[in-house]
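Working notes, beginning with the structure itself.
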Amino acid sequence: MVSLIGTSVASVYGSRYSKLDISYLLLSTVGLFAVMLINTIVSLNPTNQSSRSVLSAVIMMVILAVGVGITGTPVPKKRRYSRHKRTFTYSRESKLKKVSQVVMQVLLSVVLLTGCYLAYVLVTRTSSGLAEVAVSQYSLFYSLIFLNSAGLLLKVMSSKDKPVLSYSVSAVGVVLFVVFALPFLSIPSQLNDAEDNFTEAFGNEWETFENNLSTFREGPLSIPAYFFGLPSENYALTEDILYYEGTE
């Protein structure tokens, strides 16, 4: 977590318009979203007994490896181009770059607006159908995704003459990061009351179980398991079981 957050901050406040910084922010944003979806699909697939995805693990390792390169790469010096050496090819590349920047700005703005809506759902507990189901359990992914999205928007937009816009995007990114990190930060306080709540709901019989009962986890929380998946125990799967056959 510290590595992912620190690398994102270093990418945003590193060299301006650095291709390496932009590549990492884009990779981290898309990669974390892909890991979130892949882990969900794998965990819902009963035929996958490992409940882990090699692809999501590879994506996470690539993100971390590129992050190491980001933090270890010195800030390059800005190049100076002579006005007399501009060519028609350079002009076409400049126009293409501007168009791609505008497209990226629009897409990232939509992403941040979506993040604001999901944050509103999370904080106010507003009923919003399926969106409400897919907010709290993925909140740690969202906190990093929207932080990187805000940083990427800062890198691709021309905000030298618009400091207010730059500060606004930064504020939105930080606020979304904090809001979506709240469920994770509230886990210690929830764990303090977990035993009392469990006893209130199911009684005191569970205390008679052996301490080494395999159905209980050794630790209440695992951050690596959150990103890489939690392996399942061996089990036998029987498919195509007929529960009912009739006309009524």
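Derivation of every value follows stated rules applied to the coordinates shown; laboratory data play no part. Note that the structure is a prediction, hence the values are computed from the model and not measured. Neighbour counts run over all protein chains shown; Cβ positions are idealised from the backbone, glycine included.
What the Cβ-Cβ distance of Val68 and Ala201 gives, at R0 = 41 Å and to the nearest 0.05, is a FRET efficiency of 0.35.
With each label modelled as a point 7 angstrom along the Cα→C-beta vector, the Ser23-Ala236 pair spans 5.2 nm.
Taking the number of Cβ atoms within 10 Å of each Cβ as an exposure proxy, the fewest-first ranking of Asp240, Asp21 is Asp240, Asp21.
Extension gain, Leu191 to Thr114: 0.36 nm times the residue separation minus the Cα-Cα distance gives 24.7 nm. Residues whose amide H comes within less than 5 Å of that of Ser232, counting only those at least five positions distant or on another chain, are Ser51 (H built at 1.01 Å from N in the peptide plane).
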